[in-house]
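To keep things clear, I will list the structure first and then write my remarks on it.
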Amino acid sequence: QVQLVESGGGLVQAGGSLRLSCAASERTFSSYTMAWFRQAPGKEREFVGAIRWSGGTYYADSVKGRFTISRDNAKNTVNLQMDSLKPEDTAAYYCAAGRSPLVTAWRVYDYWGQGTQVTVSS
């Protein structure tokens, strides 16, 4: 059982930056694909970005060039650096871990954090 704990959310003005972190309890963390999803009220859960155990990264078109995902396998953490934030980035952000080759589909992830709120004011 992998436990994931997100941190770093908050309120920021448009154009600002936030850095989200996700700490994993599992010592085999390095073997998992780690991903970030987000969900705004009344909307479906949306893929943001993912990073494979090998370091390969994937991003949603809506965040490409603004968000950067990284991982530190020695510390069992994955980070999401969010720059040039927009009001439409406002959502609850969730960290997820899984071993499926399908990185963008939330249903294939086995473990989820509790979420952290990001609010971007205009």
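At 1.4 Å probe size, with every protein chain present, just tell me what the per residue accessible area of the chain comes to in Å². If you can, show how the numbers build up before the last one.
Details: 6260 Å² over 122 residues.
I get 51 Å² per residue for this part.
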| task | Taking 7 Å along the Cα-to-C-beta vector as the label spot, tell me the Ser17-Ser62 distance in nanometres, rounded to one decimal. | result | 2.3 nm
| task | Name the most mobile residue of Ala50, Ala35, Ala105, meaning the one with the largest mean-square fluctuation, in a Gaussian network model of the chain with Cα contacts below 10 Å. | result | Ala105
| FRET efficiency, Asn73 to Thr104 (Cβ-Cβ, R0 30 Å, nearest 0.05) | 0.85
| said: In whole percent, and with a 1.4 Å probe on the protein chains, what portion of the accessible area of region 1-66 is carbon and sulfur? | reply: 47 percent
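Out of the GluC sites (Glu not before Pro) in region 25-122, which ones are loop residues according to DSSP with at most 11 other C-beta atoms within 10 Å?
Details: sites: Glu26, Glu44, Glu46, Glu88; in loops: Glu26, Glu44.
Of the GluC sites (Glu not before Pro), the ones in loops of region 25-122 whose Cβ has at most 11 other Cβ atoms within 10 Å are Glu44.
The values are calculated or read from the model by the stated rules, or taken from the named source; none is laboratory data. Keep in mind it's a predicted model, so treat the numbers as computed, not measured. Cβ sites come from the backbone with ideal geometry, for glycine too, and all protein chains shown count toward neighbours. Only protein heavy atoms, including side chains, enter the accessible area calculation; ligands, DNA and RNA are left aside. Shrake-Rupley method; radii C 1.70, N 1.55, O 1.52, S 1.80 Å.
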